[in-house]
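Here's the structure, in C-alpha cells; my notes come after.
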Amino acid sequence: MNTNMLRLMIMLALPGAAILSGCTPKKPVSSEGVAIEKTLQQAETDARAGNEKKALEEIDAAEKALIEEDKKKPYVQGIKTESGINPKAAADQDAIKELKRAKRDASGNLAGDAADDIDKALKDVKVKEGN
Amino acid sequence: MNRRPFTPFQQVAGWAAFSLALNLTPALAEEIEETTGLADYIAGSSEHQPLKDYGVTWGGWLNAGVTANANNPADKFNGPVTFGDRAGELQMNQLYAFVQKTVTASGDDFDFGGRFDINYGTDSIFTQAYGVPATDVRTGAALNRGNYDLHLTSFDNRFYGLALPQAYVEMNLPVGNGLTVKAGHFYTPVGYEVVTAPDNFFYTHAYTMQYGEPFTHTGFLGNYAFDDNWSAILGTVTGSATGGWDGNFNTQLNNWDFIGGATWTSDEKDYSLNLTSTAGPTSAKDSDTWALYSIVGKANFLDSTLHYVIQHDHGFANNVITGNGLATGAAAGSPGSRQNAEWYGINQYLMYDVLDNLGVGVRAEWFRDNNGFRVAGPARCPGSYNLSVPGDTASGSEYACQNTGPLYPFKGANYYAMTAGLNYKPLKWVMVRPNFRYDFSSQNTFMTSTPGKFVDYQFTFSADVVITF
C-alpha cells in the first residue's frame, strides 16, 4: 500500500478511536437552561401575538438569566472561531446577539421580526445547553 | 480521440453538481430556506449526524473563488497574497471535512473527545505542517521537513493537495471549573483570522495572518475559564524549526516552545480583549529566540450590528538569515547574512450587518517585514520546497512553482492593504463574498505582465462561494 495512504489512515484512526471511546449519551439540559428556554418560548408566543411590551420583559429576563448562568458555569471564550470547535461559546454569543436584536425590534413595534429573532435565539440556547 | 483530462476542481465540481441534481429535484423551496446545511437538505433531516446524541458531529464545506488582478501578472501569482493566490484562475480552495467529539468543561466529571480535520484544495499548502523549512533559518543547511501531511499528494499537482490541519485528542480534568487539555495537532489560538473559510468575513487574508502568525501547532494546550470574564490558555508545542510554529509529529521533537494567553470578555459579550504569545528556541539545534505576541480587541455596537476589530502582532526571530542580510553580499549562513529579524503590524476591521444575511465590511492593514524575513511571493514556492524528499530535484525545484523565478521582494518592506467587500448568505448554508483589494508596498513587490518587472501596487477583485454541508 502507498505509504502516504497508510499514514493518512493511521492519522484518521487514532483520533477516531479516541473520539468514539469518549462517546457517552448527552447530558440532560440544566434546570437553568430549561427555565431560559421556557421564558424564550413564552416571549416568542407573546411577540407573535403582538404583545411587544410583555415580550420585551421576557427577552430581558432571558438575557439576564443567560449571563447569570455563565457566571455560575463559566466556559472558555477564545477570540478565534473555527467552525464547530467551541460550539458552546459560539451559540451563547449568537443567542445574546439575537436577543439584542429582538429587544430592538420589540421596542420598535416590529413584533413579527422580534419573534423571529427570539426563535433564532432559542435554537442557539438549545445548542449551548447541549454542549 | 485525445481529450484534455479534467482538473481536480472540474472533477469535484462535476460530481457535486451530479449528486445535487439527483437529490434536489423533489425538494420544496421552503425546505431550502430552513435547512442549515447541504447534507441536511439532501437527507431531508439531520439524520446525517447519526451520533449527534453522543456528542459526535461532523461538518464540512466547499469553498471556491477567483481573483482578477489588474496587473495581469506574468507568473499568474497575486504576489505575496496567499490562499486566493492565482490571478484569473478558478481555485477550489477548500473541500473540507471534520469529525469531532466536543468536550464539556466541568468541575464534576472527566470527559474525552477529539477532532480530525482534512482539506483538499489549493489552500492546503498554506496550512500543512511546514514549520520545518527546507533550509535552516540560521545556517542555510538542508533540513528534514518531516512527513506528517507534507507531500501526501505533492508532485501530482502544482496547486491541489491534502492537509490534515487538526488531529487531536482532548480531555476534561474535573478541577475547578474544568480544565480541558488538547494533545496532538491543532489550529493556533494566536490572532484573529482563521484558515477555515466559513469563519472569515473576507475571502482574502491580512498579511498578519499570512506571514506574521503560525497556522497550527503540535503539542499540548490547556484551556481554563477562571470566571465568565476571564479565561486562559497554556501549553507547550514541538515538531518545529520555527519556534513551535506549524510543527509536525516526527522531526524536531526535542525542541519545545511556550504558548499561552488570556482573554477577557464582557458580561454581554460585546467587548473582548485577547493576548497570546509563543516563545522559545528556534529549533532543536538553535537556541536563539523565536517569539511573537498578538493582541486582538473586539467591540460590538448598535445592538451587535456594527463590529470593530483591531489587531497588533509583533514577532521576533534572532540570528536568522534575512533578505536584508543577503543584500549585503554575505554568503547565506555566514554571520553577515544573519540579523535579529522583526515583523509587526496593525490591522483593523469594521463590519456592519445590513440585513441578517448581508454584511458590508472594510479592512485596513499595515504590516512591516523589517528585515525581509517573512513576506515572500509566491508563498506557495517555499512551501513546496523540500531537499529531503526523493523525487524533488537536487537543485530544489519546487513542485508548486516549477522554477518560475526567484521569490520577491525578499527585502525589508512595509505592506499596506485596503479591502472592502460584501458577505451575502442567500441561504443559511451558502455564502458569497466579493471583495476589492488594493495593496501597496514600499518595495516593488507585485509582478506586471512583463516577466521580472515589478511595481509597488496591486489592485484585485475577488469573489468566492462557500457551501456548507
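The values are calculated or read from the model by the stated rules, or taken from the named source; none is laboratory data. What you see is a predicted model, and the numbers here were worked out from it, not measured in a lab. Neighbour counts are summed over all protein chains in view; Cβ atoms, including those assigned to glycine, are modelled from backbone coordinates with ideal geometry.
Looking across the range A:93-107 at every residue that is touching a residue at least 24 places away in the same chain (Cβ under 8 Å) and more than 7 Å from chain B (Cβ to nearest Cβ), the one that is surrounded by the fewest Cβ atoms within 10 Å (Cβ to Cβ) is identified as A:Ser107.
Residue count for the range A:45-68, restricted to those that are crowded, with 21+ Cβ neighbours inside 10 Å and under 16 Å from the mean Cα position of the chain (by Cα): 4. When the test is whether a residue is facing chain B (nearest Cβ under 7 Å) and in contact with a helix residue (DSSP H, G or I) (Cβ under 8 Å, 6 or more places away or on another chain), A:Gln77 passes it.
Could you check the range A:89-107 and list, in sequence order, the residues that are of a type in the set (A, V, I, L, M, F, W, C) and more than 11 Å from the chain's Cα centre (by Cα)? A:Leu99, A:Ala102, A:Ala106, listed by residue number. Within the range B:280-307, which residues are in contact with a Gly (Cβ under 8 Å, 6 or more places away or on another chain) and surrounded by fewer than 17 Cβ atoms within 10 Å (Cβ to Cβ)? Of everything in the range B:280-307, just one residue is in contact with a Gly (Cβ under 8 Å, 6 or more places away or on another chain) and surrounded by fewer than 17 Cβ atoms within 10 Å (Cβ to Cβ), namely B:Thr289.
The residue list B:Ser294, B:Ser304 contains one member that is out of contact with any strand residue (DSSP E or B) (no Cβ under 6 Å at 6 or more places or on another chain) and of a type in the set (Ser, Thr, Tyr), which is B:Ser304. Based on what the data block shows, is B:Trp429 modelled with pLDDT of 80 or more, touching a Gly at 6+ places or on another chain (Cβ under 6 Å) and more than 18 Å from B:Phe201 (Cβ to Cβ)? Criteria not met by B:Trp429.
For the range B:100-118, the criterion of being aromatic (Phe, Trp, Tyr), modelled with pLDDT under 95 and in contact with an Asp or Glu (Cβ under 6 Å, 6 or more places away or on another chain) is satisfied by no residue at all. Listed conditions (1) within 10 Å of the chain's Cα centre (by Cα); (2) buried (at least 20 other Cβ atoms within 10 Å of the Cβ); (3) facing another protein chain (nearest Cβ under 9 Å) are all met by A:Glu82, apart from (1).
No other residue among B:Asp439, B:Asp392 is at negative phi and either in contact with a His (Cβ under 8 Å, 6 or more places away or on another chain) or at pLDDT 95 or above (or both) apart from B:Asp439. Consider the range B:189-199 and keep the residues that are within 8 Å of chain A (Cβ to nearest Cβ) and in contact (Cβ under 8 Å) with a residue 60 or more places away in the chain. The one that is nearest to B:Ala129 (Cα to Cα) is B:Val195. Scanning the range B:202-214 for residues that are within 11 Å of chain A (Cβ to nearest Cβ) and touching a residue at least 24 places away in the same chain (Cβ under 8 Å) returns a single hit, B:Glu213.
For the range A:108-126, the count of residues that are within 8 Å of chain B (Cβ to nearest Cβ) and either assigned to a loop (DSSP other than H, G, I, E, B) or touching a residue at least 40 places away in the same chain (Cβ under 8 Å) (or both) is zero. Taken over the range A:65-74, the criterion of being at the interface with another protein chain (Cβ under 7 Å from one of its Cβ atoms) and among the basic types (Lys, Arg) is satisfied by A:Lys71 alone. Of the residues making up the range B:82-141, those that are part of a loop (DSSP other than H, G, I, E, B) and of a type in the set (S, T, N, Q) are B:Thr82, B:Thr102, B:Thr104, B:Ser106, B:Thr122, B:Gln128, B:Thr139.
Restricting A:Glu32, A:Glu37 to those that are among the charged types (D, E, K, R) and at pLDDT 85 or above reduces the list to A:Glu37. Each residue in the range B:169-188 was checked for being out of contact with any helix residue (DSSP H, G or I) (no Cβ under 8 Å at 6 or more places or on another chain), among the small types (Gly, Ala, Ser) and closer than 17 Å to B:Gly131 by Cα, and 0 of them qualify.
For the range B:250-279, a residue qualifies if it is surrounded by fewer than 20 Cβ atoms within 10 Å (Cβ to Cβ) and either closer than 30 Å to B:Ala141 by Cα or in contact (Cβ under 8 Å) with a residue 60 or more places away in the chain (or both), and the qualifying residues are B:Asn250, B:Leu253, B:Asn254, B:Trp256, B:Phe258, B:Ser277, B:Ala279. Against the test of being surrounded by fewer than 18 Cβ atoms within 10 Å (Cβ to Cβ), more than 14 Å from chain A (Cβ to nearest Cβ) and at pLDDT 75 or above, the options B:Ala74, B:Ala87, B:Ala21, B:Ala64 yield a single qualifying residue, B:Ala74.
Could you check the range B:153-184 and list, in sequence order, the residues that are facing chain A (nearest Cβ under 8 Å) and closer than 21 Å to B:Asp85 by Cα? Hits for the range B:153-184 are B:Thr153, B:Leu162, B:Leu164. All told, B:Lys298 meets the bar of being of a type in the set (D, E, K, R) and within 26 Å of A:Tyr75 (Cα to Cα). Scanning the range B:330-381 for residues that are more than 25 Å from the chain's Cα centre (by Cα) and hydrophobic (A, V, I, L, M, F, W, C) yields B:Ala330, B:Ala331, B:Ala332, B:Val354, B:Leu355. Run B:Gly146 past the list (1) surrounded by 22 or more Cβ atoms within 10 Å (Cβ to Cβ); (2) within 14 Å of chain A (Cβ to nearest Cβ); (3) at negative phi; (4) not in a strand (DSSP E or B) and report the number of the one that doesn't hold. Of everything listed in (1) surrounded by 22 or more Cβ atoms within 10 Å (Cβ to Cβ); (2) within 14 Å of chain A (Cβ to nearest Cβ); (3) at negative phi; (4) not in a strand (DSSP E or B), B:Gly146 misses just condition (3).
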